[in-house]
Amino acid sequence: MVGYVVKSVATAPIDGQKTGTSGLRKKTAVFSSPNYLANWVQSLFYSLDGLAGATIALGGDGRYFSKEAIQIIARLAAGNGVAKLVVGQKGIMCTPAMSCVIRESKLYGGIILTASHNPGGPDEDFGIKYNTGNGGPAPESVTDAIFAHTKSISELKFAFAEDGSEDPFASADISKLGSTTFTTAGGSFEIEVISPTEQYVAMLKGMFDFTSMKALLAREDFKMLFDGMSGVTGPYARRLFVEELGAPESSLMRCEPLPDFGKGHPDPNLTYAAELVKHMDPKQNSDAPDFGAASDGDGDRNMILGKGFFVTPNDSVAVIAAEATSAIPYFQKHGLKGVARSMPTAGAIDKVAAKLGLECFVTPTGWKFFGNLMDAGRVQICGEESFGTGADHVREKDGLFAVLSWLQILAYKNADSSKPLVSVEAIVKEFWSTYGRNFFSRYDYEGVESDAANKMMAHLEKIQEDMNASKDPSGLMTLGGFATKVKLAENFTYKDPVDGSVASKQGILFVFEEDSRIIFRLSGTGSAGATIRMYIEKYEPDATQTDKDAQVALKPLIDLALEVSQLKEFTGRNEPTVIT
Ligand code: G16
């Protein structure tokens, strides 16, 4: 056994280490600057009770700088008394798999190295986040404590090799499965390298009926295409769709994980997954597949497509909830009592909850807000407009869970193989005819100057405050000089129904009398400048009107939102970077 010693190394606080919507994300150059990562990780370890002797997991999307980060974290983990680090082979572990491993192996927690859907590489982004023992992202009580420590930190507890060299754990080869133990005076430290796929794939196999999905994929009139966007999901997708379900290798695109995602932006939306969208469009590809899906850098986001048809994440989670107990074995077995969505997510799932008599919760943006509701057994399916869909099998959103859910629903609707294929589009349209349609669009303005974005938000805050101050007894307000009547204007505040914790200022929303709304918030996942998100939603109950193009149906509201916010005037931006 190889020995190591723990030494204290002096450091000083570094500005701007506040955790965002999901972890700390910065440019790789910032993360690799002296002590930047180490300060945050040491602050994390200071914030955790009972860490001595604990086992924690470590892995991520394999992006550029991950190898160096693993070495730093292992040295700090040993230095802070962690007994064992469970590392995904080659440092790989998709985010939902990490949640699964923490839960199933009953670990103390886990560290995920990812900036999710943000690009990677020396000039792009790196990120880190911590998940607690329930497998979910750390709550704000933990991230606030980490931030407080980053502001006063003065020492790093590092492990060194006995000969004084800096990498005491170099002999633990993380490209190979197995375990290595190192010793120090009065203690030891073990590094176990595990398969990033085994536990997670086994869990998914227990949740779905692979036989019926296999039969669907064997049909001559059914083809699927999965885009791994050169992120971490590729190997999981190959294992599930090709090896387990028998789909041909040609059902996969960009399924080799690359540290810079092939210089792409691994965000599964209509802009950044344009290549997949093109393959799925029968006007551009005469052999367009029937079902398409994409996943992001770390495998928690997903996009679902039919042949020439985009399923919004809002509709996707609502369809899954509506079909769950008839089509998906996991929910047939465990039942469905409640659902949840983030505030800017369109309310299609609310309609399902009302019809099925389920509890329905609206939380701030950030998957961490679903954790308590799931732990309390009140919510089993959740979704966010930001291409996040998941269930209570783990405490992260789960891209492959969403893709398998859709395959399972398709298998269920197409159980009779002698009948023509029921398409993704037909399933969504049947949903609209039952529940009505929540037209939805999100405009993203990326890389806006922070000061300009903050001024625009302050302007909107003032409008909302003035409106509330001048409310007449009818409770209705007018927005500026516009005819539209406003039912509610607020900066969203959420009180967690389980632990009573309060999250305020989570987005400014104006809800109109005729079941429509506009929302503004600043993204918490960018690494530089600000990203303004403008969300527009309108509910259409009339089944004869649900077939319109969303941009056409929402045009008056989009114009109103731009005018009220004075977005162009504040930011100088005439067009959004991404329209969803
Ligand atoms: C993270 C969070 C999600 C959130 C999304 C967008 O996703 O886990 O809950 O909806 O960011 O957040 P924002 O609008 O603040 O950018 P991911 O996939 O980036 O980890």
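Where a number appears in this text, it was derived from the coordinates with a stated rule and is not lab data. Computed from a prediction, not measured in an experiment: that's the story for all the values here. Counting neighbours? That spans all protein chains shown, and the Cβs are built from the backbone with ideal geometry, glycine included.
Think of the chain as a dipole: +1 on every Lys or Arg Cβ, -1 on every Asp or Glu Cβ, centred on the Cα centre; then among Ala185, Ser433, Val486, Ala185 lies furthest on the positive end. Taking the fewest neighbouring Cβ atoms within 10 Å as the starting point, the ordered list for Lys462, Lys455 is Lys462, Lys455. Ordering Val87, Val362 by the number of other Cβ atoms within 10 Å of each residue's own Cβ, fewest first, gives Val362, Val87. Taking Cα atoms, how many degrees apart are the long axis of helix 424-435 and the longest axis of the chain, rounded to 10 and kept between 0 and 90? Approximately 60 degrees, to the nearest ten. Per residue of the chain, the DSSP helices (runs of n ≥ 4 H) give a summed -39500 (n - 2.57) that works out to -9500 deg cm²/dmol at 222 nm. Using a simple spin-label model with pseudo-atoms 7 Å out from Cα toward Cβ, Asp375 and Ser326 lie 3.6 nm apart.
What pairs from Lys26/Lys333; Lys495/Lys548; Lys455/Lys495; Lys368/Lys538; Lys84/Lys214 go past 31 Å between their alpha carbons? Please list the in-between numbers first.
On the way: Lys26/Lys333 42 Å; Lys495/Lys548 36 Å; Lys455/Lys495 27 Å; Lys368/Lys538 27 Å; Lys84/Lys214 39 Å.
Distance filter (> 31 Å) returns Lys26/Lys333; Lys495/Lys548; Lys84/Lys214.
In the frame of its principal axes, the chain has Cα extents of 76, 63, 42 Å, reported largest first.
Computed about the Cα centre, the dipole magnitude for the stretch 87-155 is approximately 300 debye when only Lys and Arg (+1) and Asp and Glu (-1) carry charge, each at its Cβ.
The share of alpha-carbon pairs in the stretch 40-118 lying farther apart than 18 Å comes to 37%. Here the stretch 186-344 is assigned +1 on the Cβ of each Lys and Arg and -1 on the Cβ of each Asp and Glu. Its dipole about the Cα centre then comes out at about 440 debye.
Would you please give the FRET efficiency between Asp451 and Asp549, computed as 1/(1 + (r/R0)^6) with r the Cβ-Cβ distance and R0 = 51 Å, to the nearest 0.05?
Result of the calculation: an efficiency of 0.90.
A P(r) calculated from all alpha carbon pairs of the stretch 155-202, with 10 Å bins opening at zero, reads 22, 42, 25, 11, 1 percent. Ordering Phe309, Ser326, Cys382 by Cα displacement along the dipole of the stretch 256-391 toward the positive end leaves Ser326 in first place; charges were set at the Cβ atoms of Lys, Arg (+1) and Asp, Glu (-1). Candidates Val277, Trp406, Val498 compared by Cα position along the dipole of the chain: farthest toward the positive end lies Val498, with charges placed on Cβ.
Give the angle, between 0 and 90 degrees and rounded to the nearest 10, that separates the Cα long axis of helix 140-150 from the longest principal axis of the Cα atoms of the chain. Approximately 50 degrees, to the nearest 10. In order along the stretch 104-114, the Karplus-derived 3J(HN,Hα) couplings, from 6.51 cos²θ - 1.76 cosθ + 1.60 at θ = phi - 60°, round to 6, 8, 6, 7, 5, x, x, 10, 10, 9, 6 Hz, and Gly and Pro are given as x. Put simply, the amide H of Thr11, placed in the peptide plane, has neighbours under 5 Å in Glu155, Leu156, leaving out anything fewer than 5 places away on its chain.
Using the Cα centre of the stretch 328-457 as the reference point, and only Cβ charges (+1 on K/R, -1 on D/E), how large is the resulting charge dipole? Debye, rounded to the nearest 20.
Details: 15 positive and 15 negative charges, 109 e Å.
Result for the stretch 328-457 is approximately 520 debye, rounded to the nearest 20.
When each of the peptides 370-381, 45-56 is scored by how many other beta carbons lie within 10 Å of its residues on average, the order from highest to lowest is 370-381, 45-56.
Arranged by the count of other C-beta atoms within 10 angstrom, fewest first, what order do Cys94, Cys382 take? Display every interim value, and only then the final one.
Numbers: Cys94 35, Cys382 28.
The order, fewest Cβ neighbours first, is Cys382, Cys94.
In nm, to one decimal, how far is the modelled label at Ser250 from the one at Glu104, with both set 7 Å along Cα→Cβ? Placing both labels 7 Å along Cα→Cβ, they lie 3.3 nm apart. Restricting attention to the chain, close to 70% of DSSP beta bridges with both partner residues there are antiparallel.
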